[in-house]
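J.: Structure incoming, see below.
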Amino acid sequence: MKVIKPTPGRVVWFFQNRKDAENSVQPQAALVAFVLNDRCVNLMLVDPCGDSTPKLSVKLLQEGDEPPTDGRGFACWMPFQKQ
């Protein structure tokens, strides 16, 4: 399994929940603000109007990880970043 090391300033996608990801709802852009570990980060979410909101302790999916089923949001790498 390939693990991409998150670093501050990287851009990732954020989904509000698993259902949105499965239904191809457009993700929010998110900037990694702080790295807690390879699978948990603090984010600055950018909404469709360009306003930002902090989101703390967000699960960052790595290759092979399943989205959470608890209804919490999660971040993931964009397809080109996984290549």
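The values are calculated or read from the model by the stated rules, or taken from the named source; none is laboratory data. Since the model is a prediction, treat every value here as computed from it, not as a measurement. Every residue, glycine as well, gets a Cβ built from its backbone with ideal geometry; the counts of neighbours run over all protein chains shown. For the accessible areas, the whole protein counts, side chains as well, though only heavy atoms, and no ligand, DNA or RNA atoms are used. Shrake-Rupley method; radii C 1.70, N 1.55, O 1.52, S 1.80 Å.
J.: Which one is nearest to the chain's Cα centre (by Cα) among residues in the stretch 57-66 that are in contact (Cβ under 8 Å) with a residue 24 or more places away in the chain and surrounded by 11 or more Cβ atoms within 10 Å (Cβ to Cβ)?
T.: LEU60
J.: Can you tell me which of LYS55, LYS5, LYS19 is of a type in the set (D, E, K, R) and assigned to a loop (DSSP other than H, G, I, E, B)?
T.: LYS5
J.: Using beta carbons and a limit of 7 Å, which pairs, at least six apart or on different chains, have the first residue in the stretch 16-28 and open to solvent by 100 Å² or more (accessible area, probe 1.4 Å) and the second one at pLDDT below 95 and of a type in the set (Lys, Arg)?
T.: none
J.: Another question, if that's okay. Taking the residues in the stretch 67-83 that are under 11 Å from the mean Cα position of the chain (by Cα) and of a type in the set (Gly, Ala, Ser) as candidates, determine which candidate is modelled with the highest pLDDT.
T.: For the stretch 67-83, the residue satisfying everything is ALA75.
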